[in-house]
1. Out of the residues in region 346-360 that are more than 26 Å from H224 (Cα to Cα) and not aliphatic (A, V, I, L, M), which is surrounded by the most Cβ atoms within 10 Å (Cβ to Cβ)?
2. Scan region 52-60 and tell me whether some residue there is among the charged types (D, E, K, R) and in contact with a strand residue (DSSP E or B) (Cβ under 6 Å, 6 or more places away or on another chain).
3. Among the listed residues T161, T165, which satisfies the condition of being touching a His at 6+ places or on another chain (Cβ under 9 Å), touching a residue at least 60 places away in the same chain (Cβ under 8 Å), β-branched (V, I, T) and under 20 Å from P70 (Cβ atoms)?
4. Which one of the conditions (1) surrounded by fewer than 21 Cβ atoms within 10 Å (Cβ to Cβ); (2) of a type outside the set (V, I, T); (3) without any contact (Cβ under 8 Å) to a residue 40 or more places away in the chain does A23 fail to meet, given that it meets all the rest?
5. May I ask you to list the residues in region 67-83 that are closer than 11 Å to S167 by Cβ, touching a residue at least 12 places away in the same chain (Cβ under 8 Å) and not in a loop (DSSP other than H, G, I, E, B)?
6. Mind checking which residues of region 385-410 are closer than 20 Å to Y128 by Cα, surrounded by fewer than 23 Cβ atoms within 10 Å (Cβ to Cβ) and of a type in the set (D, E, K, R)?
7. Where residues in region 34-53 are loosely packed, with under 14 Cβ neighbours inside 10 Å and assigned to a strand (DSSP E or B), which of them is nearest to the chain's Cα centre (by Cα)?
8. Within region 327-345, does at least one residue satisfy the condition of being touching a residue at least 24 places away in the same chain (Cβ under 8 Å), over 20 Å from G92 (Cα atoms), surrounded by 20 or more Cβ atoms within 10 Å (Cβ to Cβ) and polar (S, T, N, Q)?
Amino acid sequence: MVDLVVRSEMVATPQGVGPFDVAIAGEKIVAVAAQGSLPIADGVRLIDATGKIVMPGGIDPHVHCKWFLPNPDGSAGLTDPPDVVGRAAVHGGTTTLIDFTRASQGDNLRDAIEKREADWKGHCACDYAQHIMVEGALPVDLPPQLAEAIQAGFPTVKIFTTDITPSRKGRMVDFGDIWEVFQVLAANRGLGVIHSEDNDIVMHMYGKLIREGRTGFENLAEVHNTLSEDVSFRRVIRLAEKVTGTALYMMHTSAASGVSAIREARARGVPIYGESLHQYMLYTSEDYRRPRGQIYHTYPSLKSAEDQAALWAGTLDGCINCVATDEICCTLAKKLQGARIDDTTGGNAGVEPRVALMYTEMVGRRGYSLSRYVDLISTNAAKIMGLYPRKGAIAAGSDADICVLDPADKRVIRAEDLHEADYTPWEGRKMEAWPCLTVLRGKVVVENGTWKGSLADGKWQHRKVAEEILSGPQL
């Protein structure tokens, strides 16, 4: 029995944007019919979204909740938990988050997964999944555990090719171990999600700038530079090509060199996908010199205007498939606590404004089609990460995850109006639309700014990457 119908002349479906009624029964979409054609029985709620955009709920494939946060004095704390970030997400029209389980944080991988699930179950207002993160020297018994995890619904494995900063030694996985992981991924139809920078170049530049006394964070683009991205991307891609069946997702691509490496690999038939972040799309290394310039930073660094232009071009030719946040939700004081190249806090609180911000920048300012925009902030992530068509689509049989954007709400972003941190890197930006309704699996969880959900709403999502994504470049 239908419980809810959402009606609009601008509904983004896999077949295109048009005038439709979206019928929801329980947690699922059961029909997408011509606008006004569905009879509305007694007791069925009709949401008339005329003049508004109805789209799949946003999917952010790269967040860090309740996450290790190093301090300049050598101590460490944790970023804000899913309790905070999930609620911010649904306020901003995002209905699914993908975080990380660190394999090293348990007696074995299954133990680490169970511990991480305890951080999320009953603590998140939206649905969620986990990448498996491997770090450092890998235990000899880890590969079969990864194979088991992939089959159990954790098909994506995060790998670092750098320690990121001198104080974080133990993050980087050496190429012999990466080779072993790629063989597991290929055999079990998993996907490698890669933080790809050349560690030799990065650490050399830390040493060089420290010796020269140029330790201010404004020099971060010299450390995490475009050469590092170029060398590392190409090395990882070459290794993947030598392990038949390996598919890659290059996280937080930040430079033209990375975009070029992805483009060339795709032309050779490599199943590779690119992710960028809204920070890289909209800020450059020049912004480090602004007051409180740390708020724009994440690792790798912001790059030049030319690199930024290449990222935008990549969203149009298939090299950049997803725009994520690399969410690190913490206070402004924590974000500003480091001021050196080797202690600046990475990540940003950006889950809530992402959907509206990218609509503004893509559709409003750059003329992207609504379908292209939806692909970049929802559908492509669902397809690449093994959630489609359950997520990322307004179609019969899909989860009823819906965001309604109101183009009449041209608000200016203010930290005081958001629901995550006490600052936002997007302060003062005027939006071309803002979410007025979020539906999670058939339940209205946010309506006109009022949260109607609960922290028990979110459910872990089993994932399996589709064979077409793994067999060659799609999207």
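The values are calculated or read from the model by the stated rules, or taken from the named source; none is laboratory data. Not measured: the values here are computed from a predicted model. As a convention, Cβ positions derive from the backbone with ideal geometry for all residues, glycine included, and neighbour counts pool all protein chains shown.
1. So, considering only residues that are more than 26 Å from H224 (Cα to Cα) and not aliphatic (A, V, I, L, M), the one surrounded by the most Cβ atoms within 10 Å (Cβ to Cβ) is E352.
2. yes
3. Answer to the check: T161.
4. Unmet condition: (1).
5. Scanning region 67-83 gives a single hit, P70.
6. The answer is R390, and nothing else.
7. First pass over region 34-53, keeping only residues loosely packed, with under 14 Cβ neighbours inside 10 Å: 34, 36-37, 39, 41-43, 45-46, 48, 50-51.
From the residues that got through so far, the ones that are assigned to a strand (DSSP E or B) too are 34, 45-46, 48.
On the way: A34: 33, R45: 32, L46: 32, D48: 30 Å.
Top of the filtered list is D48.
8. yes
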